[in-house]
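Let me begin by handing over the structure; questions about it come next.
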Amino acid sequence: MIALKAMTALALLLGSPQAHPGVVGPGVQRAVERQGSALVQVAFEAPRARTLAGTRAAVRTVRAHVLARAGSGFRLTASWDAVMGMAGRVTAAGLLRLAGSPDVRRIDLDVGGHAADAQSDPLIHADQARTAGYTGNGVTVGILDSGMQLNHPDLSDALVAQSCYVDAPGTCPNGAHAQTTGNGGRDDNGHGTNVAGIVTGNGTIAPIGVAPSSRVVIVRVLAADGSFATTSQVISGLQYIVKHPEYGVKVINMSLGTNALFAGTCDNVSSFTMNFASVVHALRLQGVTIFVSSGNDQATNRMELPACLSEVVAVGAVYDSSFGTNTVFCNDPTAADKVTCFSNSSTALDVLAPGAPITSAGVGSSTSTYYGTSQASPMAASTAADLLQKNSTLTPVQIEATLKSTGKPVTDSRNGRVTPRIDVIAALNATPVGPPPPPPPPPDTKRPVVKARAAVVKHRKSARLRFTVTDNSGSASVVAAVFRGNKKVKQWGPETLDSGPYFVGWAAPSKRQHLSFCVQAEDAAGNVSKQSCAGINVT
């Protein structure tokens, strides 16, 4: 009866003049009514900060207010220190409270998406750029995709760091939904390996990449089937790069997009586009230029998220040569520099690049050939790496402007839209020489520090076992456990935690005894803390 009353109150709120119009997105109320709760993203109502530090401070304050208001009606599943929003599961009562909060801008169902699936070299003059010595040397590119074959002969020497964020029903290689240690960037699909090869392949097996001397941070956000269940997991992947400036990422490629399409720019359309725009803005404040595939839905006036965001460089595809009739995604006679029949387009499209067919590195230490805007986007991203090698002081605005002003104008016959197709050597010729790049940061060799706290607990009672974790990088993967002698009786984690105090909930056994509570942590650089143990006296 209580649940029925809450649902009735919710319906009255959303249909009343007092409701905040446009706060609750389409389908949210129905999903809650049918399932009792729904996985949503919440965008906060707050002015955009001018600095990353200001953004983080505002996020902490607003998120605390919103969570306090939602109470037990909202279970947090993802939050980000540089994003004006959060994700979680909301009930009818929680939706009622959130919809009336002055700190909430928008609530929408979280949505999923998918990957946007050697003649290109001379077409964009990448071969001339390499001959001139521009290979992306000294530049690190973040690749959010299905991962990378970590030991591929063309790619293994380029790897800086790796992580994974994959929501259910998919998992990371460790079987969990997040992994920041070990082989988290392992590719179980093949798409990401092809994309990484376009950027940084050294040419041992597959054709050489556009920026073969660049290094890569691999963030796996696609499941083994090439899909992502929620946009939250992709935002978490971008947040990983925000939190690790020591990796030096200055270019990001995302060859992926939502199943939903958007006309024009989409920054303010829904809570998940708002949160995506928020993390993209945080990266721009760090000087990172983000390239995104426009998608392969054959849409002439709409694109996928995140390509539709105003602060990314959206990349469509042209054929790299005339090779007869293309039959992938659609049927189309081919010609060099002809916009492909599958490439999405809208007023938010920025540049074009070769995307069909593109042969690159493949899983199994082999090659693979893909067709799609997924292949066009890393062509443009690695061009940016070449520009940054020549002038490391270039801003995202300058990089985008240079690619547009030096590209070859190409008319899309489907809609008459004229978009520049990138030209690597022309962009390099228009870029002034900058100061030499700074030396790479020294390797992180400092161990995390953990401290378990002793506890006295009455038998059969619940308790909070407390500990602290500190790491110079700001976060570490933590495992906590209770031992009876040498036998482990309970474990929590591994889970990536920011530096700070924490506790885990634990139910004491029925018998009086002495146990041990132990904590250990490992940071992204592979440094492992000393294990800290403290006594638990069950009285």
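No value in this document is a laboratory result; all are computed from the given coordinates. What you see is a predicted model; the values in this text were computed from it and never measured. Cβ sites come from the backbone with ideal geometry, for glycine too, and all protein chains shown count toward neighbours.
Amide H to amide H, which residues 5 or more places from residue 105 or on other chains are under 5 Å from it, using H placed in the peptide plane?
43, 44, 45
Compute the distance from the alpha-carbon center of segment 449-499 to that of segment 148-216, in whole Å.
Using only Cα atoms to place each centre, the spacing works out to 32 Å.
Hey, how many Å between the Cα centroid of segment 305-338 and the Cα centroid of segment 340-357?
4
Of 514, 478, 467, which is farthest along the charge dipole of segment 449-538 in the positive direction, counting Lys and Arg as +1 and Asp and Glu as -1 at C-beta?
Of the listed residues, the answer is 514.
So for segment 113-429, Kirkwood radius off the Cα pairs, Stokes-Einstein at 25 °C and 0.890 mPa s: how many µm² s⁻¹?
The diffusion coefficient I find is 133 µm²/s.
Dividing the Cα convex hull volume of the chain by residue count, how many Å³ per residue is that?
154
Rounding to the nearest 20 debye, state how big the charge dipole of the chain is about its Cα centre with +1 on each Lys and Arg Cβ and -1 on each Asp and Glu Cβ.
3120
Take each of the peptides 43-56, 485-498, 517-530, average the number of other beta-carbon atoms within 10 Å over its residues, and list them starting from the highest.
In decreasing order of mean packing, 43-56, 485-498, 517-530 become 517-530, 43-56, 485-498.
On to the next question. Which value in deg cm²/dmol, rounded to the nearest 500, describes the helix-derived mean residue ellipticity at 222 nm for the chain, given -39,500 (n - 2.57) per DSSP H run of n ≥ 4 and division by the residue count?
-7500 deg cm²/dmol
Once both labels are modelled 7 Å past Cα along the beta-carbon direction, what's the residue 174-residue 131 spacing in nm?
If labels sit at residue 174 and residue 131, their model points lie 4.8 nm apart.
Using each residue's phi in segment 217-232, evaluate 6.51 cos²θ - 1.76 cosθ + 1.60 at θ = phi - 60° and report the 3J(HN,Hα) Karplus result to the nearest Hz, with x for Gly and Pro.
Each residue of segment 217-232 in turn: 10, 9, 10, 7, 10, 10, 6, 4, 8, x, 10, 10, 6, 9, 6, 4 Hz.
Tell me, what HN-Hα J-couplings in whole Hz come from the Karplus equation 6.51 cos²θ - 1.76 cosθ + 1.60 at θ = phi - 60° for each residue of segment 450-463, using x for Gly and Pro?
Going residue by residue, I get 10, 9, 7, 10, 5, 8, 10, 9, 6, 4, 6, 10, 8, 8 Hz, with x marking Gly and Pro.
Next question. At 37 °C and a viscosity of 0.692 mPa s, what translational diffusion coefficient does Stokes-Einstein give for segment 449-538, taking Rh as the Kirkwood radius over Cα pairs? Give it in µm²/s as a whole number.
Roughly 249 µm²/s, to the nearest whole number.
Calculate one ³J(HN,Hα) per residue across segment 237-244 by plugging θ = phi - 60° into the Karplus curve 6.51 cos²θ - 1.76 cosθ + 1.60, and present them in order as whole Hz with x for glycine and proline.
Along segment 237-244, the couplings run x, 5, 4, 4, 6, 4, 7, 10 Hz.
I want the antiparallel fraction of DSSP beta bridges within the chain, as a percent rounded to 5.
That works out to approximately 70 percent antiparallel.
Here's something else I'd like to know. Between segment 222-244 and segment 55-124, how many Å separate their Cα centres?
Going from one Cα centre to the other spans 13 Å.
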